1. Just 179, 30, 158 to compare: in a GNM of the chain, with alpha carbon springs under 10 Å, which one fluctuates most?
2. Helix 21-30 versus the longest principal axis of the chain: what angle, 0 to 90°, nearest 10, using Cα atoms?
3. As a footprinting exposure proxy, order 5, 41 by other Cβ within 10 Å, with the fewest listed first.
4. Could you tell me the extents of the stretch 1-47's C-alpha atoms along the three principal axes, largest first, rounded to whole Å?
5. So what is the relative contact order for the chain, in percent, with contacts set as C-alpha pairs under 8 Å and at least six apart?
6. Compare 25, 188, 150 in a GNM of the chain, Cα atoms joined below 10 Å, and give the one with the largest fluctuation.
7. Using a Gaussian network model of the chain whose springs link C-alpha atoms within less than 10 Å, name the residue from 136, 47, 151 with the highest mean-square fluctuation.
8. More than 14 Å apart: what percent of Cα pairs in the stretch 98-151 qualify?
């Protein structure tokens, strides 16, 4: 028995045909079963036009681990993924052109020894929102916002004063379906050390 596409199944079950037991098995294996407790996989895109409730939680399994170095670029296909800074050394990742609703969740797995940077695709794109930075130094925690005009196009986590200690996390969402300032909204909590400073910059 094997799963089949809709066109393949339609050929098997034409009027006047006498499908075999194996073909009936293919039909059953190709259908989504609402009471089956075994894992089922849908390989195509799925669109829900009504409310969607996941009572057992959501697990996408989509993770992208960044290597050290510059020249790395996220794509629209990476939207929804957890993006992990997996190397201590300097790492630069660029966001794609914004499409409304894109979401990227960044997590620092290894404390930065070189700058961990998130850059908008062009200087014309920019961030809104802000982050909290929790300092390992008593009384030094702080919070920072991106420029209200949306002109900041870099987020730099240094591993010290600008966050980037393991456990830091950011969520970046496209809030405009256009390449413009104010097209990305940022929230998150970073872990830093010493006297905390803003991770936002225009260069």
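We did not get these values from a lab; they are worked out from the coordinates using the rules stated. Computed from a predicted model, the values in this text were never measured in an experiment. Cβ placement follows ideal geometry from the backbone for every residue including glycine, while neighbour counts extend to all protein chains displayed.
1. Its mean-square fluctuation being the largest, the pick is 30.
2. Orientation of helix 21-30: about 20 degrees from the principal axis.
3. By the 10 Å Cβ count, ascending: 41, 5.
4. So the extents along the principal axes, rounded to whole Å, are 33, 22, 15.
5. Values: 474 pairs, mean separation 35.4, N = 203.
Value for the chain: 17 percent.
6. Checking each option, the largest mean-square fluctuation is seen for 25.
7. Largest GNM mean-square fluctuation: 47.
8. Working: 1029 of 1431 pairs.
So the portion of pairs separated by more than 14 Å is 72 percent.
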